[in-house]
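One structure below.
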Amino acid sequence: MTTIAPGVVKTAQPKTAAGRVRKRLSGRVASLIAVVIALLWTTPTFGLFLSSFRPEDDIKQTGWWTFFANPQLTLENYREVLFGSSSSSGRLASFLINSVVITIPSVLFPLALATFAAYALSWTRFRGRDWVYIGIFALQVVPLQMALVPLLSFFSQGVEVFGVTLMPAWNLEGSAQFVQVWFAHTCFALPLGVFLIHNFMSELPGELMEAARVDGATHGTILRKVVLPLVAPALAAFGIFQFLWVWNDLLVALIFSGGTAETAPMTVRLAQMAGTRGNEWQRLTSGAFVSMIIPLIVFLSMQRYFVRGLLAGSVKG
Amino acid sequence: MDFFFDFAAEAPKLVQLLIGVVAFLAFVGLMLLLLDRAPMKERSWGHSLLLLGPALVLLAIGLVVPGIRTTLLSFMSGDSSQFVGLDNYVWMFTQPEAITVLRNTLIWVLLVPSLVTAIGLVYAVVVDKSRFESVAKSLVFLPMAISFVGAGIIWRFVYAYRPEEADQIGLLNQFVVWLGGEPQQWLQSAPTNTLFLIVVMVWIQAGFATVVLSAAIKGIPAEIVEAARLDGATPIQMFFRVTLPSIRPALVVVLVTQSIGTLKLFDIVRTMTGGQFDTSVIANEMYNQAFRYGEAGKGAALAVFLFVLVTPIVVYQIRSLRQRREA
């Protein structure tokens, strides 16, 4: 436990008027700092949000703060960025669907795989268990960048050892390409997932498992009936983590999803729009908001679990 | 303008999603079925293997083998046909454009963790026990839900530039004009443009620090705080002598996670400048070399260097993890 430096004790002061003023003052300063930080953290988003509803000419010619002098709102930007027929307009609706199709299995598979693995690592016994766990934990920090080129060639060329084809190339086309994005996201998510879920699972009381075992329950039953209900918050935490990660990911999507409206998610499209038509603010503002709205809803409604997972993952680890 | 949405083009995607979900259910069902069938024994390799196997196979295919292959590739030429020894590494540390990348990464990794921690800590302290604490924390935490791409767009809008005679549409330049200055192209003049990109990362991550540190502050035993207060410690003394030492472990956690995250940073640079104007960082340069210029060797060398930078942090984490497990 922390020891208080002796200096604190020695500087004991009588509660003078000056001391009180100082205290009041520092309370003021504290509030001021809080307000300034809160403003800095919300104003940029608010500006973008407001702009996304302003007519194109207004956005491009005047600052969003002039809106209050000349309020004019429109939904045209959203209509254009989602469904516009010109090739430059975004067609974000299609990419929105891709994001959904990519995200759902990319959250479900790691959840299941990590749960099974975490269960094995906490409640079955085998030699070298701790080393396997530490190995998985260590993989958390292998940068994604290390895996990209070889994994891509794994998909496109298969596996060949000394001229013997162990696995043919996947040659996925069209919407089947989603499979390789799911695959990549699942692999990359496992170290963190196993770690987070193991953290919760290994702390369940051992008597609980023992009692179930004595009653003749199999591992399947124990996992389903005893463990799952108890670790549900951890699963929720990791699920949200993974959801936000996949939904917001750009790097994995750029490399494994192609980059066309057929399979690429919204982040890829937005990055393209920001690059080539960097000044079409009416599309960028509304497009950015379309991409944010779902994660924001999920995040706000499940913030409690997210925070819990974050604290478990970081403070414990 | 026409309404454009081709439902027929979207149908195969939804079918694919359905296939994915069915595959997921089948996998889980099969696993549970096999687990139920296998007889329970005290020490049974079968169960452990069945439960761990799928995850280990995916980790091997997705991370372990690729990691090894990337390391090998880093000693090969751009098209991976010839062994070139350390050439790619020599390139990385001698060529001006590569050195700029390393310099930028250094600036990022020095500034982001310290700024994020400092701001998160100050904010956590000033809102602690105030009336609006949870709302105030949510406001700063919210950017965590936004993609780096989205945040990049938000901030490009803040930095937007219009010539002096026109009305400004970017908030930052408007402030400069109000204060009597000239509008600037913030993202185009090196080396300050890297700082403007760093602002975006700090903006996203400060909420993480706030939440972790705020929880740590609440965990300080009330007796210690009370004792210090009775002794007449001023808020400032309280902060440096009581709060700061008590939350050291949480501070280290924030610094470590932020350092790792910053080293791997890619999206912000790519969305806001694409690595132009001398703003590229290792992760972005790696992508460009490997996937745009066809220089797989150089890209691999950069990735390996990234790994080397991160390794000491992992070793430290594993050591503290093992200590905790033994304790």
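The values are calculated or read from the model by the stated rules, or taken from the named source; none is laboratory data. Keep in mind that what you see is a predicted model, and the values were worked out from it rather than measured. Because the Cβ atoms are built from the backbone with ideal geometry, glycine has one as well, and the counts that use them run over all protein chains shown.
Are any of the residues in region B:99-112 crowded, with 19+ Cβ neighbours inside 10 Å and either modelled with pLDDT under 85 or touching a Phe, Trp or Tyr at 6+ places or on another chain (Cβ under 8 Å) (or both)?
So far as region B:99-112 goes, no, none of its residues is crowded, with 19+ Cβ neighbours inside 10 Å and either modelled with pLDDT under 85 or touching a Phe, Trp or Tyr at 6+ places or on another chain (Cβ under 8 Å) (or both).
Restricted to region A:194-227, and to residues that are without any contact (Cβ under 8 Å) to a residue 12 or more places away in the chain and within 27 Å of the chain's Cα centre (by Cα), which residue is nearest to B:Val28 (Cα to Cα)? Give the derivation first.
Our first condition is that a residue be without any contact (Cβ under 8 Å) to a residue 12 or more places away in the chain; within region A:194-227, this holds for A:203, A:205-207, A:210-211, A:213-218, A:220-221, A:224.
With within 27 Å of the chain's Cα centre (by Cα) added as a condition, the list becomes A:203, A:224.
Values: A:Glu203: 24, A:Arg224: 11 Å.
Checking each candidate, the answer is A:Arg224.
When region A:55-85 is examined, which residues are found to be assigned to a loop (DSSP other than H, G, I, E, B), within 10 Å of chain B (Cβ to nearest Cβ) and modelled with pLDDT of 75 or more? Outline the logic, then answer.
Here is the first cut: in region A:55-85, the ones assigned to a loop (DSSP other than H, G, I, E, B) are A:55, A:62-63, A:69-75, A:84-85.
Still in the running and within 10 Å of chain B (Cβ to nearest Cβ): A:62-63, A:84-85.
A:Thr62, A:Gly63, listed by residue number.
For region B:26-48, indicate whether the set of residues that are under 30 Å from A:Gly158 (Cβ atoms), outside the structural domain of B:Lys298 (by TED's automatic domain parsing) and in contact with an Asp or Glu (Cβ under 6 Å, 6 or more places away or on another chain) is non-empty.
no
Only one residue in B:Val126, B:Val135, B:Val109, B:Val122 is without any contact (Cβ under 8 Å) to a residue 12 or more places away in the chain and within 15 Å of B:Val254 (Cβ to Cβ), so which one is that? Break it down into steps so the answer makes sense when it comes.
Working: B:Val126 fails: within 15 Å of B:Val254 (Cβ to Cβ); B:Val135 fails: within 15 Å of B:Val254 (Cβ to Cβ); B:Val109 fails: without any contact (Cβ under 8 Å) to a residue 12 or more places away in the chain.
Among B:Val126, B:Val135, B:Val109, B:Val122, only B:Val122 is without any contact (Cβ under 8 Å) to a residue 12 or more places away in the chain and within 15 Å of B:Val254 (Cβ to Cβ).
Go through region A:1-54 residue by residue and tally those that are part of a loop (DSSP other than H, G, I, E, B) and either among the acidic types (Asp, Glu) or modelled with pLDDT of 60 or more (or both).
Going residue by residue through region A:1-54, those that are part of a loop (DSSP other than H, G, I, E, B) are A:1-5, A:11-16, A:52-54.
Those still in the list that are either among the acidic types (Asp, Glu) or modelled with pLDDT of 60 or more (or both) too: A:52-54.
Number of matching residues: 3.
Mind listing just one residue for me: the one in region A:86-113 that is at the interface with chain B (Cβ under 7 Å from one of its Cβ atoms) and crowded, with 22+ Cβ neighbours inside 10 Å and, of those, modelled with the lowest pLDDT?
Once the filter is applied, the top-ranked residue is A:Ser94.
Given the structure, is A:Tyr119 more than 10 Å from chain B (Cβ to nearest Cβ) and of a type in the set (Ser, Thr, Tyr)? Steps first, please.
Values: more than 10 Å from chain B (Cβ to nearest Cβ): no; of a type in the set (Ser, Thr, Tyr): yes.
Criteria not met by A:Tyr119.
Just wondering, is there one or more residues in region B:124-141 that are more than 9 Å from chain A (Cβ to nearest Cβ) and surrounded by 24 or more Cβ atoms within 10 Å (Cβ to Cβ)?
Yes: one or more hits.
Taking the criterion of being surrounded by fewer than 18 Cβ atoms within 10 Å (Cβ to Cβ) and closer than 19 Å to A:Ala212 by Cβ, would at least one residue in region B:55-76 satisfy it?
no
With the condition kept exactly as written, say whether any residue in region B:139-152 is among the aromatic types (Phe, Trp, Tyr) and assigned to a loop (DSSP other than H, G, I, E, B).
The initial filter retains those residues of region B:139-152 that are among the aromatic types (Phe, Trp, Tyr), namely B:141, B:148.
Those left that are additionally assigned to a loop (DSSP other than H, G, I, E, B): none.
No; the residues of region B:139-152 include none that is among the aromatic types (Phe, Trp, Tyr) and assigned to a loop (DSSP other than H, G, I, E, B).
All but one of (1) part of a helix (DSSP H, G or I); (2) in contact (Cβ under 8 Å) with a residue 24 or more places away in the chain hold for B:Ala228, so report the exception by its number.
Condition (2) is where B:Ala228 drops out.
Hey, any hits in region B:108-117 for a residue that's more than 10 Å from chain A (Cβ to nearest Cβ) and over 26 Å from B:Gly275 (Cβ atoms)? Can you show your working first?
So the first thing to find is which residues in region B:108-117 are more than 10 Å from chain A (Cβ to nearest Cβ), and the list is B:108-117.
Of the ones still in play, those that are also over 26 Å from B:Gly275 (Cβ atoms) are B:117.
Within region B:108-117, one or more residues are more than 10 Å from chain A (Cβ to nearest Cβ) and over 26 Å from B:Gly275 (Cβ atoms).
Can you confirm whether region A:53-62 contains a residue that is under 30 Å from the mean Cα position of the chain (by Cα) and within 15 Å of A:Phe188 (Cα to Cα)?
no
Any residue at all in region A:42-65 that is more than 25 Å from B:Gly152 (Cα to Cα), touching a Lys or Arg at 6+ places or on another chain (Cβ under 9 Å) and not β-branched (Val, Ile, Thr)? It would help to see each step written out before you state the result.
Taking region A:42-65 and keeping what is more than 25 Å from B:Gly152 (Cα to Cα), we get none.
No, there is no match, as no residue in region A:42-65 is more than 25 Å from B:Gly152 (Cα to Cα), touching a Lys or Arg at 6+ places or on another chain (Cβ under 9 Å) and not β-branched (Val, Ile, Thr).
Does B:Phe305 satisfy the condition of being on the phi > 0 side of the Ramachandran plot and assigned by TED's automatic domain parsing to the domain that holds B:Ala206? Explain how you work it out, then say what you get.
Details: on the phi > 0 side of the Ramachandran plot: no; assigned by TED's automatic domain parsing to the domain that holds B:Ala206: yes.
So B:Phe305 fails the test.
How about region A:117-144: which of its residues are of a type outside the set (A, V, I, L, M) and without any contact (Cβ under 8 Å) to a residue 24 or more places away in the chain? Show your work before the answer.
Pass one, region A:117-144, residues of a type outside the set (A, V, I, L, M): A:119, A:122-131, A:133, A:135, A:137, A:140, A:143.
Those that are of a type outside the set (A, V, I, L, M) and without any contact (Cβ under 8 Å) to a residue 24 or more places away in the chain: A:Arg125, A:Phe126, A:Arg127, A:Gly128, A:Arg129, A:Asp130, A:Trp131, A:Gly135, A:Pro143.
Please tell me if B:Asn104 is touching a strand residue (DSSP E or B) at 6+ places or on another chain (Cβ under 9 Å) and either among the charged types (D, E, K, R) or not in a strand (DSSP E or B) (or both).
Details: touching a strand residue (DSSP E or B) at 6+ places or on another chain (Cβ under 9 Å): no; either among the charged types (D, E, K, R) or not in a strand (DSSP E or B) (or both): yes.
Taking the combined requirement at face value, the residue does not satisfy it.
Results for (1) touching a helix residue (DSSP H, G or I) at 6+ places or on another chain (Cβ under 7 Å); (2) at pLDDT 85 or above, shown as yes or no for each residue.
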| position | (1), (2) |
| --- | --- |
| B:Asp167 | yes, no |
| B:Gly170 | yes, no |
| B:Thr192 | no, no |
| B:Leu197 | yes, yes |
| B:Trp203 | yes, yes |
| B:Ala206 | yes, yes |
| B:Val211 | yes, no |
| B:Ala216 | yes, no |
| B:Gly219 | no, no |
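Farther than 20 Å from A:Leu144 by Cα, touching a residue at least 24 places away in the same chain (Cβ under 8 Å), hydrophobic (A, V, I, L, M, F, W, C) and not in a loop (DSSP other than H, G, I, E, B) - does that describe any residue in region B:41-49?
Pass one, region B:41-49, residues farther than 20 Å from A:Leu144 by Cα: B:41-49.
Right, trim to touching a residue at least 24 places away in the same chain (Cβ under 8 Å) and you get none.
No.
Which residue, of A:Phe200, A:Phe238, A:Phe195, A:Phe188, is facing another protein chain (nearest Cβ under 7 Å) and surrounded by 23 or more Cβ atoms within 10 Å (Cβ to Cβ)?
A:Phe188
Have a look at A:Val214, A:Val226 and point out the one that is hydrophobic (A, V, I, L, M, F, W, C), more than 10 Å from chain B (Cβ to nearest Cβ), out of contact with any Gly (no Cβ under 9 Å at 6 or more places or on another chain) and more than 25 Å from A:Leu196 (Cβ to Cβ).
A:Val214
Mind checking which helices (runs of 4 or more DSSP H) fall wholly inside region B:248-327 and carry at least 3 residues that are more than 9 Å from chain A (Cβ to nearest Cβ) and exposed (fewer than 15 other Cβ atoms within 10 Å of the Cβ)?
Values: elements: B:248-263, B:267-272, B:282-287, B:296-326.
Answer list for region B:248-327: B:296-326.
Here are some residues: B:Gln205, B:Gln185. Which one is surrounded by 23 or more Cβ atoms within 10 Å (Cβ to Cβ) and more than 11 Å from chain A (Cβ to nearest Cβ)?
Values: B:Gln185 fails: surrounded by 23 or more Cβ atoms within 10 Å (Cβ to Cβ).
Exactly one residue qualifies, and that residue is B:Gln205.
Sort out for me the helices (runs of 4 or more DSSP H) sitting completely within region A:199-317 that have 3 or more residues that are under 20 Å from A:Ala118 (Cα atoms).
Working: elements: A:206-214, A:228-248, A:251-256, A:266-276, A:281-301, A:303-311.
Output list reads A:206-214, A:228-248, A:303-311.
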